[in-house]
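Student: Below is one structure. I have some questions about it.
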Amino acid sequence: MSDSDRSGGNERDWPLFEVFIRARTGLHHRHCGSLHAADPEMALARARDVYTRRGEGTSIWVVASDRIFASDPADKDMLFEPAMSKVYRHPSFYDLPDDVENM
Amino acid sequence: MADALTAAYALRLGDDALILSHRLSEWVGHGPELEEDIALANTALDLLGQARLLLACAGEREGRGRDEDALAYGRDVLDFSNLLLVEQPNGDFAQTMMRQFLFDAYAVALWPRLSASRDEVLAGIAGKAAKEAAYHVEQSAAWVVRMGDGTEESHDRAQAGLDLLWPYAGEIFEADEVEAALAEKGIAVAPSALREHWQARVGPVLEEAGLAPPEGAGVRTGGRQGRHSEHLGHLLAEFQFMQRAYPGARW
Amino acid sequence: MYTQGLNQAVEEGGPEDAELLARFQAKIDREEKIEPNDWMPEAYRQTLIRQISQHAHSEIVGMLPEGNWLTRAPSLRRKAILLAKVQDEGGHGLYLYAAAETLGISRAEMVERLLEGRARYSSIFNYPTITWADIGAVGWLVDGAAIMNQIPLCRCSYGPYARAMIRICKEESFHQRQGYEAISRLAEGTAAQKRMAQDALDRWWWPSLMMFGPSDAESPHTARSMRWKIKRFTNDELRQKFVDATVPQARLIGLEPPDPELRYDEESGHWRFGEIDWSEFNEVLAGNGPCNRERMAARRKAHAEGAWVREAATAHARKQRRRTAMAAAAE
């Protein structure tokens, strides 16, 4: 796809974009869906029209879907299992006297 | 007297929004792509919201007990005062978007200025409409450029839309006694004051789109005085059908 | 809105890795979601593609019967409500197409299947909206039936579908209410309005009950779809729930469903209803409903007339990229 005029995997649709919306200041942008648009400007405008009709957002990101690099579900064990055994990273791991305060 | 004038002024702005919204609502479910269908409905809803506020305001100033629906559904062609531009049929998407752009370029010049009106109700409505129009004109301008620059077919269709609609643009700047009197009082915006802003908006977009206004196309006016094209009667026949068939019923 | 696609599941394909299959099923049994790139049996993928795309098509075709009244709504308030509602259907179609696209099918392909008559949409949209009361009836009954089906789909095992349904259900919560409000207004209005309201209920009642699909006995794929948690309740369970909810709503505003056998069963606490005429359902499904041809003609026309617009935007975007690249190279 690198030298393609299209993204989203086919020639007949406008390219696919992923839409991320910040609901309120102070929050992360969050993935809320996708849409088709001919270019990024159009994607941004249509994201506004499609995904913020009920006042759901104060900021929008769009990104061409084929620009997202994603981890492979097949690598799930390799990538994420090792973190499971590191219980000492969590506060509940530590055994403290019941009456200790401010900790 | 001032109230009758303000009523007439609010009514004409309301009629513009009402009729254009109605035209856009004809597209819903039939748009060229799903995303655009939804966008057209948004614009139609914005305009309908403006129309309701303006008609309600007109009804109050008129003082004859007519509400938004009485004004929308109870008048015939001669009493509608919208621009001829907005009642023109949708045609193809190019014609619709060209009509929208020529109107949006006017709206985006009008509303910010009217938001400084000495009439607080009009100023409030204008302040809300200004934000909506700012978005609308960006979108319709983007489509005019896309179509003008896109393919040979889209260019030809956009040019045909411009040729057809250009003569109706002149009416936007035509002043009459209603606007002149209200403008003097700081209530209305004199249409002649908008021409420069409108041209500054329209010119560069048409140029980027590679489109040219038709030469010697003349100017078609009359809408503000109730002298409409044949299209409005058909639009009203459909739009007003229920209220005409069941007078006095509540919905 | 909703599609009755739940019952046309795809046949099991060839033999698939038994261990993968077992792990897949175990995941579903633990109520874990299946996500786009996870391994899934081909029949699960195809069943979902079919169901989600049918659901999407239903939303899009469903814009037409209600859109039929957009230009004739009897008040500006009703016009605004209807515009917002029909627009929502378009949005819901969009969310659903996007969910199906995660399974490896393009929207263009789905739309082509619809326009060529190879994909279905909910038969309910092949009925006409003849009077304004139909707008009330569609919101109250059709959206009411849809909600019954859609709420369980929010817990569907396929992540993108479940997420789309959560958004859709949230947005649709006003759809049924506005419909009931509209028809209530008619039921308390003039004789002509009342007549319109009852007539709409007479015409939409049975088709609404059919929206839940064939009875469980006639629905061979229900068991597998339930095992895969694509489906959570059987057609008959949902239909009964709908009848139980709707009959009192009708009577509250002085309307009567067109079913002489309708009676309340004290013992079970359910409303018992008469036999559904499935021959009518099958006729509409076969393309012989009152508006099948009009609906498809309208979709084909919009698609064909939109082609040059879509191409123009693509061409302009391509030219813009080229101009940007050339400007960068010139620097």
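Student: Hey, got the average number of other protein chain Cβ atoms within 10 angstrom for residues in B:138-147?
Tutor: Per-residue shielding by partner chains comes out at 4.
Student: To the nearest 0.05, how large is the calculated FRET efficiency for B:Glu120 and C:Asp199 if R₀ is 51 Å and r is the Cβ-Cβ distance? Write down the numbers at each step before the final one.
Tutor: Numbers: r = 47 Å, r/R0 = 0.93.
For R0 = 51 Å, the calculated efficiency reads 0.60.
Student: Using the basic label-point model (7 angstrom from Cα toward the beta carbon), what is the B:Arg113 to C:Ala191 distance in nanometres?
Tutor: Distance between the two pseudo-spin positions: 5.6 nm.
Student: Work out which trypsin sites (Lys or Arg not before Pro) in chain C are exposed loop sites (DSSP not H, G, I, E or B, at most 15 other Cβ within 10 Å) and give the longest gap free of them.
Tutor: The reported range is C:156-331.
Student: Neighbour counts of other C-beta atoms within 10 Å: give me C:Ser225, B:Ser192, A:Ser65, C:Ser208 arranged from fewest to most. Please report the intermediate quantities before stating the final value.
Tutor: On the way: C:Ser225 22, B:Ser192 14, A:Ser65 19, C:Ser208 26.
So the ranking, lowest neighbour count to highest, is B:Ser192, A:Ser65, C:Ser225, C:Ser208.
Student: Compare the Cα positions of C:Tyr264, C:Gly213, C:Ala312 along the charge dipole of the stretch C:192-331 (+1 at Cβ of Lys, Arg; -1 at Cβ of Asp, Glu; about the Cα centre) and return the one farthest towards the positive end.
Tutor: The residue sitting most towards the positive pole is C:Ala312.
Student: With every atom except the alpha carbons ignored, what do you get for Rg and Dmax of the stretch B:36-81, in angstroms?
Tutor: Cα-based Rg and Dmax for the stretch B:36-81 come out at 12.8, 41 Å.
Student: Would you kindly state the longest site-free stretch of chain A, with sites defined as chymotrypsin sites (Phe, Trp or Tyr not before Pro) in a DSSP loop (not H, G, I, E, B) surrounded by at most 10 other Cβ atoms within 10 Å?
Tutor: Here the longest run is A:1-68.
Student: Still on this structure, I have one more. Where Lys and Arg each count +1 and Asp and Glu each count -1, what net charge lies around B:Gly59 among other residues with Cβ under 9 Å from its Cβ?
Tutor: -1
Student: If R₀ is 45 angstrom, what is the calculated FRET efficiency for the pair B:Glu196 and B:Arg244, using the beta carbon separation as r and rounding to 0.05?
Tutor: Here the calculated transfer efficiency is 0.60.
Student: Out of the stretch B:50-157, which trypsin sites (Lys or Arg not before Pro) are coil in DSSP terms and have no more than 14 other C-beta atoms within 10 Å?
Tutor: Working: sites: B:Arg52, B:Arg61, B:Arg64, B:Arg66, B:Arg75, B:Arg99, B:Arg113, B:Arg118, B:Lys128, B:Lys131, B:Arg146, B:Arg157; in loops: B:Arg64, B:Arg66, B:Arg75, B:Arg118.
Listed in order of number, the matching sites are B:Arg64, B:Arg118.
Student: Which GluC sites (Glu not before Pro) from the stretch B:188-233 combine a DSSP loop assignment with at most 15 other Cβ atoms within 10 Å?
Tutor: Here the sparse-neighbourhood loop sites are B:Glu215.
Student: I'd like the GluC sites (Glu not before Pro) in the stretch C:56-143 restricted to DSSP loop residues with at most 16 other Cβ atoms within 10 Å, sorted by number.
Tutor: Answer by residue number: C:Glu116.
Student: Within chain A, which is the longest segment containing none of the trypsin sites (Lys or Arg not before Pro) that sit in a DSSP loop and have at most 12 other Cβ atoms within 10 Å?
Tutor: Details: sites that count: A:Arg24, A:Arg54, A:Lys86.
Between the exposed loop sites, the longest stretch runs A:55-85.
Student: Something else: Taking N as the number of residues in the stretch A:39-103, what is its alpha-carbon radius of gyration divided by 2.2 N^0.38 Å?
Tutor: For the stretch A:39-103, the normalised Cα radius of gyration comes out at 2.04.
Student: Test of understanding: ordering B:Val178, B:Val202 by Cβ neighbours within 10 Å, fewest first, what list do you get?
Tutor: B:Val178, B:Val202
Student: In a GNM of chain C with a 10 Å cut-off on Cα contacts, which of C:Gly144, C:Gly136, C:Gly159 has the highest mean-square fluctuation?
Tutor: In this elastic network of chain C, the residue with the biggest mean-square fluctuation among C:Gly144, C:Gly136, C:Gly159 is C:Gly159.
Student: I need the per residue convex hull volume for the stretch B:1-116, using only the alpha carbons, in cubic angstrom as a whole number.
Tutor: 105
Student: Please name whichever of B:Trp143, B:Val178, C:Asn37 sits farthest to the positive end of the charge dipole of the protein assembly as shown, dipole taken about the Cα centre and charges placed at Cβ: Lys and Arg +1, Asp and Glu -1.
Tutor: Positive-most Cα among the choices belongs to B:Val178.
Student: I've got another one for you. What are the semi-axes of the equivalent ellipsoid for chain C, taken as the square roots of 5 times the Cα gyration tensor eigenvalues, largest first, in whole Å? Mind showing how you got there, number by number?
Tutor: Working: eigenvalues 252, 166, 58 Å².
Three semi-axes, in Å: 35, 29, 17.
Student: How many Cβ atoms of partner chains, on average, are near each residue of C:77-87 if near means within 10 Å of its Cβ? Let's see the in-between values first.
Tutor: Numbers: counts 5, 3, 12, 8, 0, 2, 9, 7, 1, 5, 14.
Per-residue shielding by partner chains comes out at 6.
Student: For the stretch C:241-331, give the magnitude of the charge dipole about the Cα centre (Cβ charges: +1 Lys/Arg, -1 Asp/Glu; no others), in debye to the nearest 20.
Tutor: In debye, rounded to 20, the stretch C:241-331 gives about 1520.
Student: Please work out the C-alpha center-to-center distance from the stretch C:310-329 to the stretch B:69-134 and express it in whole Å.
Tutor: If we compute the Cα centre of each part, the gap is 33 Å.
Student: Could I ask something else about it? Counting other C-beta atoms within 10 Å, which of C:Ser123, B:Ser115, A:Ser92 has the fewest, and how do the rest follow?
Tutor: By the 10 Å Cβ count, ascending, the order reads A:Ser92, B:Ser115, C:Ser123.
Student: Now, a different point. Run lengths n ≥ 4 of DSSP H only: what is the helix-derived mean residue ellipticity at 222 nm for the protein assembly as shown, with -39500 (n - 2.57) per run over all residues, to the nearest 500? The partial results should precede the final answer.
Tutor: Working: 25 runs with 399 residues, N = 685.
So the helix-based figure for the protein assembly as shown works out to -19500 deg cm²/dmol.
Student: Sticking with this one: Looking at chain C, how many pairs of lysines come closer than 26 Å at the Cα, when each pair is eight or more places apart or spans two chains?
Tutor: So the count of such lysine pairs works out to 17.
Student: Sticking with this one: Using a basic spin-label model with each label point 7 Å from the Cα along Cα→Cβ, how many nm lie between A:Ala23 and C:Trp39?
Tutor: 3.6
Student: Taking the Cα centre of each part, how many Å lie between the stretch C:122-200 and the stretch C:23-63?
Tutor: Centre-to-centre (Cα) distance: 25 Å.
Student: Under the Kirkwood approximation applied to all pairs of distinct alpha-carbon atoms, what is the hydrodynamic radius of the stretch B:133-251 in Å?
Tutor: After inverting the pairwise mean of 1/r, the radius is 17.3 Å.
Student: Net charge near B:Ala8, counting Lys/Arg +1 and Asp/Glu -1 over other residues with Cβ under 11 Å of its Cβ?
Tutor: -4
Student: Evaluate the charge dipole of chain C about its Cα centre and quote only its size in Debye, nearest 20, assuming +1 on the Cβ of each Lys and Arg and -1 on the Cβ of each Asp and Glu.
Tutor: That gives chain C a dipole magnitude of about 1660 debye.
Student: Follow-up question, since we're still on this one. Can you give me the three principal axis dimensions of the protein assembly as shown from its C-alpha atoms, in Å, biggest first?
Tutor: Largest first, the protein assembly as shown extends 82, 78, 67 Å along its Cα principal axes.
Student: Ok, one more. Of the residues C:Ala146, C:Ala26, C:Ala317, which exhibits the maximal mean-square fluctuation in a Gaussian network model of chain C defined by a 10 Å Cα contact cut-off?
Tutor: The residue that fluctuates most here is C:Ala317.
Any read-out appearing in this document is the output of simple, stated calculations on the displayed coordinates, not a laboratory observation. Just so it is clear, the model here is predicted, and its values are computed rather than measured. Because the Cβ atoms are built from the backbone with ideal geometry, glycine has one as well, and the counts that use them run over all protein chains shown.
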